[in-house]
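One structure below.
The values are calculated or read from the model by the stated rules, or taken from the named source; none is laboratory data. The structure displayed is predicted, hence computed values, not measured ones. FYI the Cβ positions are ideal-geometry reconstructions off the backbone, even for glycines, and counts take in every protein chain you see.
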Amino acid sequence: MLRNVPIRRKLIAVNLLISGAVLLLTSVSFVTYEIVTLRKGMVDGINTRAEIIAANSTASLAFQDASDATDVLSALKTDSHVIAACIYDSTGRVFARFPANTPAGDFPAAPQKAGFQFEPAALVVYRPVIQDGHVLGMVYIEYDLTTLTQRYHAYTILALVIVVCAVFLAYLMSRGLQKQISQPVLALAETAKAITRDRDFSTRATKISNDEVGALTDAFNEMLAEIHKLNATLESRVHERTAQLEAANKELEAFSYSVSHDLRAPLRHIDGFADMLRKSTQEKLSPSGQRYLDIISEAAKRMGTLIDDLLVFSRMGRTEMRLTRVNMDGLVAECISEMAQDLQGRAIEWDIAPLPEVNGDRALLKQVWVNLVSNAVKYSRDRSPAKITIRGRESGAREVEFSVQDNGAGFDMQYAGKLFGVFQRLHLNEEFEGTGIGLANVRRIILRHGGRTWAEGKINEGATFYFTMPKLNQTS
Amino acid sequence: MRHWLAQMALAVAVLFAGRQMACAQGDVSTEYKFKAVFLFRFAQFVDWPTNIFTNAQAPLVIGILGDDPFDDYLDETVNGENVNGHPLAVKRYRSLDDVKDCQMLFISSSEESRLGRDLGALRGKTILTVSDIEDFPENGGIIGFVTVQNKIHFRINTDAARDANLAFSSKLLRLAEIVTPQTR
């Protein structure tokens with residue numbers, strides 16, 4: 001029940017509960033003992049009184065002198081608690097009364113058995129009058145219990161006051177003393193909280209006591225030191241590895257750049273000399289010779305674009321990103337208008353919904369759209385009409401999702417993972433020309449913007465390419 | 001509870017009757033029944049010296065000197081009773097010379113003429129004398145019955161009692177009229 005209560009209050013509550021229970025028990029036993037003693041004393045007192053009356057009234061009863069018996073009873077007037085008293089004779093009739101003017105009808109009609117009896121407001125005692133073994137009569141005394149009741153109340157109130165005062169005192173004391181236990185724990189908890197909040201593992205908890213909490217503090221500090229050390233090692237190791245990786249990456253990029261660049265020179269020679277050969281030997285060459293030359297030129301050109309793409313790809317990792325607010329609607333429209341040449345003679349149904357703005361590098365994002373849209377146009381060229389759908393929507397709290405859907409050749413989902421790899425092609429070059437670098441570029445650009453890419457498709461039923469970008473206010 | 005009520009009912013009924021009609025004309029026996037019970041009660045309220053008994057079980061004798069006015073009633077009253085362990089017994093004497101081993105002596109009114117001589121003879125003896133002869137305590141007797149307004153009272157000559165080496169319970173004295181004769 002105390003599970004969610006702070007430790008300070010738990011300690012106080014436990015103290016109060018214990019002291020309250022002990023005090024209550026003590027008070028109850030004390031009051032009970034007092035009351036029992038009081039009652040016993042009262043019974044003893046009244047019995048003694050009855051005994052005296054009985055002893056003094058033997059002669060009165062023996063010689064039937066009622067006035068003397070009344071005299072004997074009148075001694076009771078010294079005790080204001082005696083309500084009434086009487087002496088019965090041996091026939092059970094009221095023989096003498098106290099106070100003397102009390103009507104005989106006010107007394108029990110016949111005496112009861114000897115003994116005492118607590119009635120609601122009175123203690124009643126019967127005591128036989130005995131002379132030489134003969135019962136001459138019976139003394140009856142009715143004793144007022146108001147005093148007893150008042151004592152009950154006084155005791156109860158006193159006990160309650162004591163319990164309340166003591167519990168209050170216990171509260172004050174335990175409020176002070178609980179600090180001995182709670183303070184070190186609270187200090188430790190506070191330190192732990194601060195460390196979790198600030199991630200500052202150089203902080204140390206202050207050791208206050210030399211008990212279990214002190215040991216806990218020591219252990220905690222040791223663990224902190226360990227974490228601090230591990231963190232430092234880890235960080236330096238990460239720095240080291242990152243530096244190594246960056247160096248390797250740079251080397252690789254420089255290498256591929258120079259390779260690509262160097263590959264172009266011989267390629268230009270091949271193309272150039274093939275062209276010169278065609279011009280100088282145009283008449284002498286057989287048609288098949290001509291065709292071979294064309295193929296050589298074509299292949300050289302294709303290799304040139306391949307190398308260009310590779311250069312772009314390798315440059316992609318190095319160019320600085322210039323982040324601006326990018327209007328995706330405008331970007332898509334721009335791409336489509338630039339593809340006008342490829343679109344001649346094509347029947348394409350465009351379905352473009354308004355797209356959300358994003359924060360990113362405009363030139364890079366344009367490449368993404370160019371790649372995705374040109375892919376859609378390319379792989380749907382056997383369809384008439386081709387249908388291309390472009391959508392953009394908020395996905396979750398942090399991302400916006402864009403998609404380009406076509407109804408073209410599609411792909412086998414089995415290979416969906418390979419789509420975005422460099423030089424990965426799912427179609428023969430004869431079917432759909434391409435270098436296999438476009439989607440790799442798309443993935444690289446989107447990753448650099450902090451987004452994701454994936455694709456869905458089915459053979460001959462079209463494909464959908466997705467990418468996400470951080471929501472506008474999420475990018476830092 | 002009912003026990004003692006039943007047991008004592010008769011005696012007390014008689015007592016009460018006596019109280020009410022002690023001097024109803026001619027009803028002598030009722031008056032003497034009452035006095036018989038009183039005699040028994042007197043025995044209970046006297047401190048009897050132990051040396052007057054031959055042993056602890058010796059009877060306490062109530063003697064009647066002269067004509068017996070109690071008939072058998074005194075015998076019935078004390079039958080089976082005892083005082084301090086001494087069983088009560090009744091003896092009847094014709095003359096004072098017969099009086100021996102007697103602790104209480106009721107002097108009948110038939111002895112009125114010889115009273116002065118008798119009391120003189122009894123002086124110094126530990127015998128509780130009781131009588132309903134008029135002015136009995138004044139004449140050296142110890143307890144005298146008087147009837148006032150249909151009630152039986154008793155009068156005690158404490159000096160005579162002291163001379164007889166007898167002491168009364170203060171409870172008894174409280175109920176009695178104390179008589180102190182002018183002359184010893």
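Here are some conditions: (1) crowded, with 20+ Cβ neighbours inside 10 Å; (2) touching a residue at least 60 places away in the same chain (Cβ under 8 Å). B:Asn165 meets all but one. Which one does it not meet?
The failed condition is (1).
Being within 30 Å of A:Ala205 (Cβ to Cβ) and in contact (Cβ under 8 Å) with a residue 12 or more places away in the chain is true for just one of A:Leu267, A:Leu224, A:Leu230, A:Leu263. Which residue is that?
The conditions single out A:Leu224.
Could you say whether any residue in segment A:139-154 is over 27 Å from A:Leu17 (Cβ atoms) and within 14 Å of chain B (Cβ to nearest Cβ)?
yes
Would you mind finding the one in A:Asn359, A:Asn441, A:Asn407 that is more than 24 Å from A:Arg322 (Cα to Cα) and buried (at least 17 other Cβ atoms within 10 Å of the Cβ)?
A:Asn407
Could you please find all residues in segment A:41-57 being buried (at least 19 other Cβ atoms within 10 Å of the Cβ) and at the interface with another protein chain (Cβ under 9 Å from one of its Cβ atoms)?
Across segment A:41-57, the qualifying residues are A:Asn56, A:Ser57.
Taking A:Leu38, is it away from every other protein chain (no Cβ under 14 Å), over 30 Å from A:Tyr88 (Cα atoms) and assigned to a helix (DSSP H, G or I)?
So A:Leu38 does not fit the description; no.
Within segment B:81-125, take every residue that is within 14 Å of chain A (Cβ to nearest Cβ) and touching a residue at least 24 places away in the same chain (Cβ under 8 Å) and give me the one that is surrounded by the fewest Cβ atoms within 10 Å (Cβ to Cβ).
Looking at residues that are within 14 Å of chain A (Cβ to nearest Cβ) and touching a residue at least 24 places away in the same chain (Cβ under 8 Å), I get B:Gly85.
State whether the residues of segment A:375-386 include one that is in the same structural domain as A:Arg452 (by TED's automatic domain parsing), closer than 24 Å to A:Ile336 by Cα, assigned to a loop (DSSP other than H, G, I, E, B) and touching a residue at least 40 places away in the same chain (Cβ under 8 Å).
yes
Within the group A:Thr58, A:Thr48, which residue is touching a residue at least 40 places away in the same chain (Cβ under 8 Å), at negative phi and more than 60 Å from the chain's Cα centre (by Cα)?
Step by step, each of A:Thr58, A:Thr48 is checked, and only A:Thr58 is touching a residue at least 40 places away in the same chain (Cβ under 8 Å), at negative phi and more than 60 Å from the chain's Cα centre (by Cα).
Just the residues that are among the hydrophobic types (A, V, I, L, M, F, W, C) and either modelled with pLDDT of 85 or more or farther than 25 Å from A:Gln180 by Cα (or both), please, taken from segment A:193-212. Before the answer, list the steps.
As a first pass, look at segment A:193-212 and keep what is among the hydrophobic types (A, V, I, L, M, F, W, C): A:194-195, A:201, A:205, A:208.
Selection gives A:Ala194, A:Ile195, A:Phe201.
How many residues are surrounded by fewer than 20 Cβ atoms within 10 Å (Cβ to Cβ) and either more than 34 Å from the chain's Cα centre (by Cα) or of a type in the set (Ser, Thr, Tyr) (or both) when one looks only at segment A:454-476? Explain how you work it out, then say what you get.
Of the residues in segment A:454-476, the ones surrounded by fewer than 20 Cβ atoms within 10 Å (Cβ to Cβ) are A:454, A:456, A:458-461, A:464, A:466, A:470-476.
Still in the list and also either more than 34 Å from the chain's Cα centre (by Cα) or of a type in the set (Ser, Thr, Tyr) (or both): A:454, A:456, A:458-461, A:464, A:466, A:475-476.
Residues flagged as surrounded by fewer than 20 Cβ atoms within 10 Å (Cβ to Cβ) and either more than 34 Å from the chain's Cα centre (by Cα) or of a type in the set (Ser, Thr, Tyr) (or both) within segment A:454-476 amount to 10.
Please tell me if A:Ser19 is closer than 30 Å to A:Gln183 by Cβ and more than 14 Å from chain B (Cβ to nearest Cβ).
Yes, satisfied.
Within the set of pairs 6 or more residues apart or between chains, which connect a residue that is more than 13 Å from every other protein chain (Cβ to nearest Cβ) inside segment A:87-114 to a residue that is loosely packed, with under 13 Cβ neighbours inside 10 Å and basic (Lys, Arg) with Cβ atoms less than 9 Å apart?
A:Phe98/A:Lys77; A:Pro99/A:Lys77
Going by what's in this entry, would A:Arg127 be described as of a type in the set (D, E, K, R), at negative phi, within 14 Å of chain B (Cβ to nearest Cβ) and free of Cβ contacts under 8 Å to residues at least 12 places away in the same chain?
no
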